[in-house]
Each structure stands twice: as structure tokens, then as C-alpha cells.
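Notes follow the structure.
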Amino acid sequence: MRIVISLVLVAVTTFLGYWLVLDERKHSQAIAYNERGNVLSELKRYDEAIEHYQQAIKIKSNFAEAYNNLANAMRQKGKIKESIAYYNEAIRFKSNYAEAYSNLGITLSEQGRFEEAIGQYQKALEINPDLFRVHNSLAIQLAQRGDFSGAIFHYQQAITLYPGFAKAHNNLGSTLAQQGRFEEAAEHFEKAINIDPNYIDARKNLELARSLVDKKS
């Protein structure tokens, strides 16, 4: 009886060992396809990238990162409906996936679905409040709907996290100028130019802000 039990245990252990090795091999294959897809995306060979991401998902059906990357490639091809669906799949398999929420927000914003975009940016920041680009993107949407105090807060967060963020300085300056705070606005336009001397929009904004300061004085 003991021999039979031992043989059964050996068989079960052998099977589990084989299954684990096989599963690990599949995992490695899925990662390899995903990484090749990333390289192809960098080369703007999106059709080929899409095929590799799909292969990765075929091997590992809950591969959230591959869904996110597939969505990015689909967006580059102008397949917005598919892109949104794949971002949602990425989030379904990884509910704390801040990057997928952010990317979905960008896509929704590009489609004019601003309120939905705001919600996605906010979810991304709930997961990771250190995403300075997401603070900037959220601030842009808040400013567009007239929430200037919210926009200013998030621009300031972006700049605090990344002081060299020229676009956030310029955007903050623009929002301050909309509120008639031209001197403060000029300070941020100057900072944007100091970071990026070739920032034409910031130079134009600075010139305008200074002229409006002169008119007030």
C-alpha cells in the first residue's frame, strides 16, 4: 500500500513539476512577444507590433501590460474604438494599472470625451500621485471646463514633482493669466523659457503678459 501511495505521490509531483515548467515557459514566451512588440512600436511598425502583442495575449490571456501596449499601437493606427476596449481589458486584469488609466484618459480626451478623461486621470493619480504628466493632463481638462483652482493645483503638483517641466510652467502661466494674475503668469513663462529657450509659445505668452502688466500699472 505504501509503495502505491509513494508511486502516486511521485506521479503527482512529476506532473506538477512539468506543469510549472511549462507555465513558466509560456510566461517567458509571452514576455518575449510583448518586448518585441515594444521594439516594433518604437520603430513605428505598428502592424507588426500589434501581431506580437496579440501573440503575447494568446499565450497569456490576462497579460495586462500587453493589452495596454496593444491599445497604444491601435491608437497610433487610428483604431480608437479597439484601443479603448483594450485599455479597459488591461484595467480589468490589473485594477491598479495607473498607466492604463492615464492612457485611456488621453484617448478619451482626444475624442472630446473630457469628463470621462478627467475620471481616468483621477483614478491614475489615486494609484500613483507622483505621475507629473498626468497632473498636467488633468489640469488641462480642468482648465477647459473652468475649474481654474483645480487646474492651478495640478499644474503646481506637476512642477513640484518635476521642476524642469517647461510645458507645465507655460500652462500654469496661461491659467494664471486667464485670472488676471499677469505678474505670476510672467514668472512661469520665464521659467518655461529658462528650461527651454526655444519654447516659442512661452516667449509669445511672456511678451503678452508683460504688456498687460504694464497696462495695469
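Exactly one of (1) farther than 30 Å from ILE91 by Cα; (2) over 23 Å from the mean Cα position of the chain (by Cα) is unmet by GLY146. Its number?
Just one mismatch for GLY146, condition (1).
Filter the stretch 131-142 for residues that are within 10 Å of ALA158 (Cα to Cα) and over 12 Å from the mean Cα position of the chain (by Cα) and give the result.
ALA139
Only one residue in ALA192, ALA166 is small (Gly, Ala, Ser), over 19 Å from the mean Cα position of the chain (by Cα) and under 19 Å from LYS204 (Cβ atoms), so which one is that?
Of the residues listed, the single one that is small (Gly, Ala, Ser), over 19 Å from the mean Cα position of the chain (by Cα) and under 19 Å from LYS204 (Cβ atoms) is ALA192.
Restricting the search to the stretch 47-83, which residues are among the hydrophobic types (A, V, I, L, M, F, W, C) and in contact with a helix residue (DSSP H, G or I) (Cβ under 6 Å, 6 or more places away or on another chain)?
The answer is ALA49, ILE50, ALA56, ILE57, ILE59, PHE63, ALA64, ALA66, LEU70, ALA71, ALA73, MET74.
If you go through the stretch 46-55 one residue at a time, do you hit one that is under 16 Å from ASN103 (Cα atoms), surrounded by 11 or more Cβ atoms within 10 Å (Cβ to Cβ), acidic (Asp, Glu) and modelled with pLDDT of 95 or more?
no
If only one of GLY112, GLY119, GLY164, GLY173 is surrounded by fewer than 21 Cβ atoms within 10 Å (Cβ to Cβ) and not assigned by TED's automatic domain parsing to the domain that holds ILE50, which one is it?
The conditions single out GLY164.
For the stretch 167-204, how many residues are closer than 20 Å to SER149 by Cα and not basic (Lys, Arg)?
21
Scan the stretch 59-69 and tell me whether some residue there is in a helix (DSSP H, G or I) and either hydroxyl-bearing (Ser, Thr, Tyr) or on the phi > 0 side of the Ramachandran plot (or both).
Checking the stretch 59-69: at least one residue is in a helix (DSSP H, G or I) and either hydroxyl-bearing (Ser, Thr, Tyr) or on the phi > 0 side of the Ramachandran plot (or both).
Just the residues that are of a type in the set (Val, Ile, Thr) and surrounded by 13 or more Cβ atoms within 10 Å (Cβ to Cβ), please, taken from the stretch 191-217.
Selection gives ILE193, ILE195, VAL213.
Hey, PHE182 hits all of (1) of a type in the set (Phe, Trp, Tyr); (2) within 14 Å of LEU208 (Cα to Cα); (3) touching a Ser or Thr at 6+ places or on another chain (Cβ under 7 Å) but one; which does it fall short on?
(3)
Is there any pair with a first residue in the stretch 85-100 that is assigned by TED's automatic domain parsing to the domain that holds ALA117 and a second that is part of a loop (DSSP other than H, G, I, E, B) whose Cβ atoms are under 7 Å apart and which are 6 or more apart or on different chains, and what are they?
ALA90/TYR97; ILE91/TYR97; PHE93/ASN62; ALA98/ASN128; ALA98/LEU131
Could you grab me the full set of residues in the stretch 60-101 that are surrounded by 20 or more Cβ atoms within 10 Å (Cβ to Cβ) and of a type in the set (Ser, Thr, Tyr)?
Across the stretch 60-101, the qualifying residues are TYR67, SER83, TYR86, TYR87, TYR97, TYR101.
The values are calculated or read from the model by the stated rules, or taken from the named source; none is laboratory data. Keep in mind the model is a prediction, meaning the values are calculated, not measured. Cβ atoms come from the backbone with ideal geometry, glycine included; neighbour counts cover every protein chain shown.
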